[in-house]
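One structure below.
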Amino acid sequence: MSKIDDALKILTFMGIPKAQQNDRSALTLLAVLNVKKKTPWKSAQERPIIIHDIMGFIKENYAMTYAENSRETIRRQTLHQFEQAGIVIRNRDDPTLPTNSPKNNYTITPEALLVIQAFKTPAFDTVLSHFTANHGKLIEKYAGRKREHDLTITLNDEILTLTAGAHNELQIAILRDLYPRFFPSAELLYLGDAANKMLKVNEKLVADLHFPITQHDKLPDIVFYDRTKHLLFLIEAVTSHGPMSPKRLHELTELLSKSGIKQIFISAFPSKKEFKKYFDETAWETEVWLADEPDHMIHLNGPKFLFVLN
């Protein structure tokens, strides 16, 4: 029996869902463990590895090539389920890394490693039974570890929880510092998150405005609505992705062209230093806000200032 067949058998024994009982999952497990064709199972290793290196390991050692655009598939359709099963832990070295960070890495959990190293030995059944008996506790243990690093904020008596990372730290600053200073009477219409693109949606307001929430992939990170002024505040939190560029402005204007709602476009940056990196990309007729200087707004020219609308 090949190493791939063995790995698949181990995963099946450990309770991985049927949809993940395939060669991709087996190969991913082998890469995480640094197990090559002739590596004995007892020599399986506990080491962090990123998805790019998982794909490289598979190609080099098992002659299976995955295209670069397969990274998301491996993350969403294999490693995510490994996490849920208590087989791997993500970012053991730095739990605060955001979901979309290229530095995301995966390590076999100590409990799963014991099972795998015992494969084809008399101790396997006992170790496996212990793992499966404690399966729920393992999930709780590793999920709790991630929750410790979540970011929370209370907005209008509602607690919102975002996953850890620089992008969501900036989103917290927008909700905590930008919103109450410049448009406190507005209502939160939409809030996205790296791990949950539709973290918070005001369903009733969305329905009342006929807002195109179904196209959330085209929306900015945060949207507020002011009923009195019939005005949308569309906000991009800029850490690794771009600001309100001319192209972005055109896309959003087109998306909302049938709504009849006036719009203000805001690019939020952690600091002036970060803003400087994106200055040439930031569109005229938009606003810029800096989290470390929250009392000020930068207006990029033109007659349409934040509170002066024709």
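Quick one: which of Glu60, Glu83, Glu46 is in contact (Cβ under 8 Å) with a residue 24 or more places away in the chain and more than 24 Å from the chain's Cα centre (by Cα)?
Glu46
Specify the residue that is farthest from Leu290 (Cα to Cα); the eligible residues are those in the stretch 261-274 that are touching a residue at least 24 places away in the same chain (Cβ under 8 Å) and assigned to a loop (DSSP other than H, G, I, E, B).
Among those that are touching a residue at least 24 places away in the same chain (Cβ under 8 Å) and assigned to a loop (DSSP other than H, G, I, E, B), it is Ile261.
Please find, within the stretch 29-42, the residue that is nearest to Leu113 (Cα to Cα) out of those that are without any contact (Cβ under 8 Å) to a residue 40 or more places away in the chain and part of a helix (DSSP H, G or I). Break it down stepwise before answering.
First pass over the stretch 29-42, keeping only residues without any contact (Cβ under 8 Å) to a residue 40 or more places away in the chain: 30-31, 34-40.
Right, trim to part of a helix (DSSP H, G or I) and you get 30-31.
Numbers: Leu30: 12, Ala31: 13 Å.
The extreme case among them is Leu30.
Can you go through Arg90, Arg76, Arg176 and tell me which one is crowded, with 16+ Cβ neighbours inside 10 Å and at pLDDT 70 or above?
Arg90
Looking at Ile54, is it assigned by TED's automatic domain parsing to the domain that holds Arg92, in a helix (DSSP H, G or I) and in contact with a strand residue (DSSP E or B) (Cβ under 9 Å, 6 or more places away or on another chain)? Spell out the reasoning first.
On the way: assigned by TED's automatic domain parsing to the domain that holds Arg92: yes; in a helix (DSSP H, G or I): yes; in contact with a strand residue (DSSP E or B) (Cβ under 9 Å, 6 or more places away or on another chain): yes.
Answer is yes for this residue.
Does any residue in the stretch 231-255 that is in contact (Cβ under 8 Å) with a residue 60 or more places away in the chain and in the same structural domain as Leu170 (by TED's automatic domain parsing) come within less than 6 Å, Cβ to Cβ, of a residue that is of a type in the set (Lys, Arg) and not in a loop (DSSP other than H, G, I, E, B) six or more places away or on a different chain, and which pairs are these?
Leu231/Lys262
Which number in (1) without any contact (Cβ under 8 Å) to a residue 24 or more places away in the chain; (2) part of a loop (DSSP other than H, G, I, E, B); (3) among the hydrophobic types (A, V, I, L, M, F, W, C) marks the one condition that Ala283 misses?
(1)
Anything in the stretch 93-103 that is in contact (Cβ under 8 Å) with a residue 12 or more places away in the chain and either surrounded by fewer than 19 Cβ atoms within 10 Å (Cβ to Cβ) or not assigned by TED's automatic domain parsing to the domain that holds His135 (or both)? List them, or say none.
Of everything in the stretch 93-103, those that are in contact (Cβ under 8 Å) with a residue 12 or more places away in the chain and either surrounded by fewer than 19 Cβ atoms within 10 Å (Cβ to Cβ) or not assigned by TED's automatic domain parsing to the domain that holds His135 (or both) turn out to be Asp93, Pro95, Thr96, Thr99, Asn100, Ser101, Pro102, Lys103.
If Arg181 satisfies all but one of (1) modelled with pLDDT under 85; (2) surrounded by fewer than 15 Cβ atoms within 10 Å (Cβ to Cβ); (3) not in a strand (DSSP E or B), what's the number of the condition it fails?
Evaluating Arg181 over (1) modelled with pLDDT under 85; (2) surrounded by fewer than 15 Cβ atoms within 10 Å (Cβ to Cβ); (3) not in a strand (DSSP E or B) leaves (1) as the failure.
The values are calculated or read from the model by the stated rules, or taken from the named source; none is laboratory data. These numbers were taken from a predicted model, which means no experiment stands behind them. Don't worry about glycine lacking a Cβ; one is built from the backbone with ideal geometry, like all the others, and counts go over all protein chains shown.
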